[in-house]
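K.L.:
Shown below is the structure under consideration.
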Amino acid sequence: MIKVAVKLLTGTPRALVLALALTVMALSAGLAAAKDHDKARDAVSSGQAQPLDAILPKVRARYPGRLLDAKLTRSGGKYRYVIKILDKKGKVRRVTVDARSGRILK
C-alpha cells in the first residue's frame, strides 16, 4: 500500500507520503478497536460475559500489580478475558479468566 501511495504522489516530499501512510494505518487500528469494543459490549449485554470491572478485583487480589492489557477473546463458543499484569518483581503475568463465571483458569 505504501508503494502505491509513493507512485501516486510522485514529486511529493517523502515526509508527506510517510505521514499519509501512518495516518491510514492509525485509522485502521482505531476502527478495529471500536469493533472489538462493540463485540465486548454485546457479550456483556447478552450475559455471555461479565464486565471487566467485575472481573479485575478478583484477578488483582490474586495477582497484585499494574494492569498492562486486557482483552476479551472467544474460543470454542466461550468468552475469556486475557489479562496482562506487571508484578512487583517486573515479571509480566498473563492471566486467563472465564468471562461468564469469573473463574481464573490460569
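Coordinate-derived values only; no laboratory data. Just so it is clear, the structure is predicted and the values come from calculations on it, not from any experiment. Using ideal geometry, Cβ is built from the backbone for each residue, glycine included, and neighbour counts are taken over all protein chains shown.
K.L.:
Once phi is turned into θ = phi - 60°, what whole-Hz ³J(HN,Hα) does the Karplus curve with 6.51, -1.76 and 1.60 give for every residue of the stretch 77-85, x standing for Gly and Pro?
P.N.:
x, 10, 8, 9, 9, 10, 10, 10, 10
K.L.:
Under the rule of at least 5 residues apart or a separate chain, name every residue whose amide H is placed under 5 Å from the amide H of residue 49.
P.N.:
Under 5 Å from the amide H of residue 49 lie the amide H atoms of 44, each far enough along the sequence or on another chain.
K.L.:
Tell me, what HN-Hα J-couplings in whole Hz come from the Karplus equation 6.51 cos²θ - 1.76 cosθ + 1.60 at θ = phi - 60° for each residue of the stretch 60-74, using x for Gly and Pro?
P.N.:
5, 5, 8, 10, x, x, 9, 5, 9, 6, 8, 10, 9, 10, 10
K.L.:
While we're looking at this one, here's another question. Taking amide H atoms as placed 1.01 Å from N in the peptide plane, list the residues 5 or more away in sequence, or in a different chain, whose amide H sits under 5 Å from that of residue 93.
P.N.:
Correct list: 85, 86, 87.
K.L.:
What net charge do the residues around residue 78 carry, taking every other residue with its C-beta under 10 Å from that of residue 78, with Lys and Arg at +1 and Asp and Glu at -1?
P.N.:
Surrounding charge for residue 78 is +2.
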